[in-house]
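Below is one structure, written out as structure tokens; comments come after it.
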Amino acid sequence: MIAESTQRFEALEAQAQRLMAIFTRAGYEHVAPSIIQPANMFLDVVGESLRARTYVFTDPNGDELCLRPDLTVPTCRLHLARHPQGAVPARYCYNGSAFRYQPGGDTSAHPREFRQAGVECFAASDREEADAAVLALIVEAVRAAGIATFHLRFGDLGLFRALLGALALPERWRRRLLHQFWRPEAFRAELNRLTSAEALRAPALKAEVIDRLDPSQPSTALNALEEYLEQAGLALMGTRTLPEIAERLLAAAADARETPLAAETANAIESYVAVKTPARAAVRALHQLLRQYRIDLAEPLQAFQRRLDDLDAAGVITDEAEFSAEFGRNLEYYTGFVFEIVVPELGPKSPLAGGGRYDSLLGEVGAPVDVPAVGSCIHTERLLAVLQGETA
Amino acid sequence: MSEKLIFALPSKGRLMQQCAEALARAGLSVTKSGAARGYRGEIAELPDVEVNFVSSSEIARFLQHGTAHLGITGEDLVRETIADCAQRVSFLKPCGFGHADVVVAVPICWIDVSNMADLEETSQVYWRVHGRPIRVASKYMNLTRRFFAQRGVTGYRIVPSLGATEGAPAADLSEIIVDITTTGATLKANGLKVLEDGVILRSQANLIASKLAPWSRRARRAKAAILERLSAGPGAEGPPQSKR
């Protein structure tokens, strides 16, 4: 797109003003974080797929900068500039440009320059309440803008974490499965590896080193490893430390001695991931499914139910919302509840709005502790296109 | 004379020499025209061809935009430079020289890392300990991104490096590198090893055609003549399918 017409510009501005009025009335402070952001910190915290699409440049001073690819990270930085300790309750809203390289070219469906209108809610102590409030507000804004028919999709990465927590697994396996969750193929491969004694014992790493390590005596591992490197004539190079190398070798040594994951446990995990149901029926469906495997997720499921009830109380009709255990897999920085608002005019591949909980991002951006955070934003060009009937 | 075929050839270094030799073996005498150090040339046997001498990476750009019809340059540079490679160029024929593998190399002292899956796990521990992702020094930003994404490695950041990339980890400029290697000796001398499944591309010089160049009938004839000479000449390699 070379330019937008004055008419369109004004229509977007007017629409934004209406959205922002709704957000500020709900108690969200209107902020305008910088468009130009320091590249380093920003690029460290966004996932690689977004990183590859971020416009990065060097200024005359030699500093690496970027055009913000979204407004969530800039809002986190703004919050930390005001409250370096991080864990101070705050609610912000914004409307502004974001920039992303579009591998398929700059088109009106996928513009490289677009405007996001959204909200971020930091350090609210009741997570479910905050999740519901943010989604309810976005739904209110979308409705007020003139969208009558839409579809909600939910996921909950926190439930998956709770499931792993309820299963008998070594902590390092939990970490691995959680990390691989958003990559279905790698996830399945890891699950297969964990259920196979042979695969666990496979000498993926130098057997002669592994054999020297006793996983029950981690403190002796450093010495054993140092000795081995010295005998092999290998000097440590670079920033990665000996304890890091030892940690991985110890994990491999422990895996080789571990009882493989029971097939039943692997089944429980796979059946959970496959759950796709109307959100209202999700709690019962998950209870029933997990009861077969004698897994009790009473508390997290109660929290899930409470969030639904809060949404209903706030006037969001959740009857037709869909819960999918897999949903949110492809969005790496979310940590809990995730959602999308989809409209028939645009289809599921171009959601009108989306958001969710990201409890580790503020910590990664520089807060000394993890701070609960949930946010959402509306794709304003898409909203206008639907309202003006421009979608094909 | 815009309808002539523009043939981009490397302007310096070993690749320039090897190109000249290969063309000579095919019975094509390339001469520089105009001033002695000019960047234009011609092929005595093919009057419809105009030669442009440019740097190897510039040849990839020429082919990307159709500024040249044909070019000889490394496959690595073309795949790195042109994101939508298949839409813009065709690889006509590997040349049999300019061999170089683009590889992922890590410090030899990382005895717990032998493949890409290890690297992914390592990057998580690294993040936890150092609060930042593993840095990959490379001039191959796009090849690296594509390959790491395919292998599910995410916890990394590319640090652009334009020269002496193999020295970056020792200088604490990066933890690992993606670079070209022929024998692996330079990597080893710098305390690095190639991961088992870390070969991104086995590259060599290729004769490449741009799909975007203005292909006049005259240019198409000239292309056929060049291809025929290069395929038939003594020492010429077989067709691309028979290679590797």
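Each value in this text was obtained by applying a stated rule to the coordinates, not by laboratory testing. All figures in this text were calculated on a predicted structure; none of them were measured in a lab. Please note: Cβ atoms are built from the backbone with ideal geometry, for glycine as well, and neighbour counts cover all protein chains shown.
Taking other Cβ within 10 Å of each residue's Cβ, how do A:Ile36, B:Ile226, B:Ile82 sort, fewest first?
Details: A:Ile36 12, B:Ile226 26, B:Ile82 20.
The fewest-first ordering by Cβ neighbours comes to A:Ile36, B:Ile82, B:Ile226.
Taking neighbour counts of Cβ atoms within 10 Å as a proxy for exposure, in what order, fewest first, do A:Phe23, A:Phe337 appear? Walk me through the intermediate numbers first.
Working: A:Phe23 23, A:Phe337 26.
Least crowded to most crowded, the residues run A:Phe23, A:Phe337.
Place a +1 charge on the Cβ of each Lys and Arg in the protein assembly as shown and a -1 charge on the Cβ of each Asp and Glu, then give the dipole magnitude about the Cα centre in debye, rounded to the nearest 20. Walk me through the numbers on the way to the answer.
Working: 71 positive and 76 negative charges, 424 e Å.
Computed charge dipole of the protein assembly as shown: roughly 2040 debye.
Could you work out, residue by residue across B:128-139, how many beta carbons of other chains sit within 10 Å of that residue's beta carbon, and then give the average as an integer?
Counting other chains' Cβ atoms within 10 Å and averaging over B:128-139 gives 3.
Hey, in the GNM for chain A with a 10 angstrom Cα cutoff, which one of A:Thr335, A:Thr241, A:Thr195 fluctuates hardest?
Of A:Thr335, A:Thr241, A:Thr195, the most mobile in the Gaussian network model is A:Thr241.
So how do A:Arg357, A:Arg161 line up by other beta-carbon neighbours within 10 Å, fewest first? Could the numbers behind the result be given before it?
On the way: A:Arg357 26, A:Arg161 17.
The fewest-first ordering by Cβ neighbours comes to A:Arg161, A:Arg357.
HN-Hα J couplings of the range B:145-150 from phi, Karplus 6.51/-1.76/1.60, θ = phi - 60°, integer Hz, Gly and Pro as x?
Each residue's phi maps through the Karplus curve to give 4, 5, 5, 5, 5, 4 Hz.
Kirkwood hydrodynamic radius, the range A:197-257, all distinct C-alpha pairs: what's the number in Å? Kindly include the intermediate steps, with their values, before the conclusion.
Numbers: mean 1/r = 0.0839 Å⁻¹.
Every distinct Cα pair counted, the radius reaches 11.9 Å.
Report the rotationally averaged projected area of chain B based on its alpha-carbon convex hull, in square nanometres. Mind showing how you got there, number by number?
Values: hull surface 57.0 nm².
Convex hull of Cα atoms, orientation-averaged projection: 14.3 nm².
What number in nm² do you get for the protein assembly as shown if you take the convex hull of its Cα atoms and divide its surface by four?
On the way: hull surface 135.7 nm².
Quarter of the Cα hull surface area: 33.9 nm².
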